[in-house]
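Just below is one structure, and these are the notes that go with it.
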Amino acid sequence: MRLSFHGADRSVTGSCHLLECAGRRILVDCGMYQGGRELAEENGEPFGFDPASIDFLLLTHAHLDHCGRIPLLAKRGFRGEIIATAATQELARVVMLDAAHLQEEEARYHARRQQRARGGAEGAPLYTVLDALNSLEFFGRKAGYGETLELAPGLRASFHDAGHILGSASIRVECRTAGENGSVVFSGDLGNAGRPLLRPPEVPPRADAVVMETTYGDRLHKPLAPSIEELYQVLEHTFRHGGNVVIPSFALERAQELLYVLREGVESGRLPRLMQVFLDSPMAISATEIFERHPECYDPAMAKRFAGGRDPFKLPGLHFTRDTAESMAINRFSGGAVILAGAGMCTGGRIRHHLRHNLWREQCSVVFVGFAARGTLARTIIDGATSVRIFDEDIRVRAGVHTINGFSAHADRDELLAWHRSVAPKRTFLVHGDAAVMSQFAVKLENTQVEMPELGQGFEL
């Protein structure tokens, strides 16, 4: 068995790992790098392996940094089978098509700039909407939680609920042949226990080796209840001062959880019943609809609520804004509105327009409720920038900036350690985290050989 690493190596985005065993080549995730310009350019570099040689792609979940390069993989020759849970397959379709659309728009924008500057058009998207659609034909079997799938003689895979987003999974691959005998668990992204919508992460059966995320391997999360209270206080303060609350939000799980929390606030009387809430993200709207179709992923209490006909995402002043004209109309609200828009790291999407209109207003607030990678606009604002550049315009940061990490969909340090102890691997490969965070997390691991792979590095198991 051989394991090599082709993304999210000593960094937080671009997950992509290759396992070779039983005469097959199995890719686990094929995500997009997110962050600064250098990372964006890295998306177009060679994968480090021949896409046409991949037999299976096992997808842990549908976040862009785990599935975002699948259309490019297919464009460059992949013809294997993509296996994921049913919810992940539905969400990945939405995510990849959205990413392709944004890339086409950005390519047109840069081409117009180049044409004005030098009289010639340049630039092309990493992949097109057609490429994304073409890649969908390779999605094959739908994996049920706990179900064992045979990939080839002596080669099996099982998916286990990771509790991170709808349909997310940790994947265990077991190889039992005449010449190879071993097992590897790929954690994917592990969820933060105690969320209101999803079940806590399930621990897979023990394995010889584990490829493990370390996003929050150096810290503990604030509990959820105080985080909800802090959000309510920000809303109350901002509304009293006549401003809007802008929340950069990941479209998958985070947007739905926030809608649930806002609805609970209205129902309890803590928040005004006529509060205007805009979910300004076609992808988040589609994800919310998909969420309602997959009760197999819910926390039991939430599943019971759905079964009783109570939609936990709907509140009186909620507006779904799908088209551009509706999105632009939100700017007419100078105060009293909650604007949920993507992307969560502010790397693209409609959130940048809303920041442009609200970030300079001291009566407004911007609330970050998720991880922000280095080099992203979100991290720049969080780190205290007094001015940021949005759409070639310098915008002063005068709004209140709040970071509430109790809403994180990622396991914190202690949850990661407990999960690792349960899997009890002899060898541990740390991925999907900043190098400094990995180093701090590595020293806390016991009874295992720890590796922190570099991009392109391979290991014999």
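Overview of values
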quantity: Output for the range 198-216, where each listed residue is closer than 25 Å to Gly458 by Cα, touching a strand residue (DSSP E or B) at 6+ places or on another chain (Cβ under 8 Å) and either open to solvent by less than 60 Å² (accessible area, probe 1.4 Å) or among the hydroxyl-bearing types (Ser, Thr, Tyr) (or both); calculated: Pro204, Ala207, Asp208, Ala209, Val210, Val211, Met212, Glu213, Thr214
quantity: Positions within the range 182-192 being assigned to a strand (DSSP E or B) and buried (at least 24 other Cβ atoms within 10 Å of the Cβ), in sequence order; calculated: Val184, Val185, Phe186
quantity: Complete set of residues in the range 150-183 that are among the aliphatic types (A, V, I, L, M) and either free of Cβ contacts under 8 Å to residues at least 24 places away in the same chain or more than 30 Å from Ala251 (Cβ to Cβ) (or both); calculated: Leu151, Ala152, Leu155, Ala178
quantity: Residues (charged (D, E, K, R) and open to solvent by 50 Å² or more (accessible area, probe 1.4 Å)) located in the range 161-181; calculated: Arg176
quantity: Residues being on the phi < 0 side of the Ramachandran plot and either in a loop (DSSP other than H, G, I, E, B) or surrounded by fewer than 19 Cβ atoms within 10 Å (Cβ to Cβ) (or both) - total across the range 365-378; calculated: 7
quantity: Scope the range 345-364; condition in a helix (DSSP H, G or I) and of a type outside the set (D, E, K, R); matching residues; calculated: Ile351, His353, His354, Leu355, His357, Asn358
quantity: Residue check for Arg195: part of a loop (DSSP other than H, G, I, E, B), open to solvent by 30 Å² or more (accessible area, probe 1.4 Å) and touching a residue at least 60 places away in the same chain (Cβ under 8 Å); calculated: no
quantity: Cross-chain or 6+ apart pairs with Cβ under 9 Å, the range 69-84 first and closer than 12 Å to Ala100 by Cβ, then among the small types (Gly, Ala, Ser) and open to solvent by 20 Å² or more (accessible area, probe 1.4 Å); calculated: Leu72/Gly44
quantity: Some residue of the range 153-160 being basic (Lys, Arg) and either open to solvent by less than 10 Å² (accessible area, probe 1.4 Å) or more than 23 Å from the chain's Cα centre (by Cα) (or both); calculated: yes
quantity: Among the candidates Gly269, Gly309, residue that is at positive phi and modelled with pLDDT of 85 or more; calculated: Gly269
quantity: Criterion violated by Glu137 - all others in (1) under 25 Å from Met32 (Cα atoms); (2) touching a residue at least 12 places away in the same chain (Cβ under 8 Å) satisfied; calculated: (2)
quantity: Of all residues making up the range 391-402, the number that are in contact (Cβ under 8 Å) with a residue 12 or more places away in the chain and over 23 Å from Gly242 (Cβ atoms); calculated: 2
quantity: Filter result for the condition that a residue is touching an Asp or Glu at 6+ places or on another chain (Cβ under 8 Å) and at pLDDT below 95, over Tyr109, Tyr33; calculated: Tyr33
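Matching residues to (1) free of Cβ contacts under 8 Å to residues at least 12 places away in the same chain; (2) touching a Gly at 6+ places or on another chain (Cβ under 7 Å):
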{"position": "Pro248", "(1), (2)": "no, yes"}
{"position": "Leu274", "(1), (2)": "no, yes"}
{"position": "Thr288", "(1), (2)": "no, no"}
{"position": "Asp299", "(1), (2)": "no, no"}
{"position": "Arg310", "(1), (2)": "yes, no"}
{"position": "Leu315", "(1), (2)": "no, no"}
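Let's see how each residue does on (1) of a type outside the set (A, V, I, L, M); (2) farther than 24 Å from Glu150 by Cα:
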site	(1), (2)
Leu19	no, no
Gly23	yes, no
Ile54	no, no
Ala74	no, no
Ile82	no, no
Glu106	yes, yes
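The values are calculated or read from the model by the stated rules, or taken from the named source; none is laboratory data. Since we're looking at a predicted model, the values are computed, not measured. Backbone-built Cβ (ideal geometry, glycine too); neighbour counts: all protein chains shown. Surface areas here come from the heavy atoms of the whole protein model, side chains and all, with no ligands, DNA or RNA. Shrake-Rupley method; radii C 1.70, N 1.55, O 1.52, S 1.80 Å.
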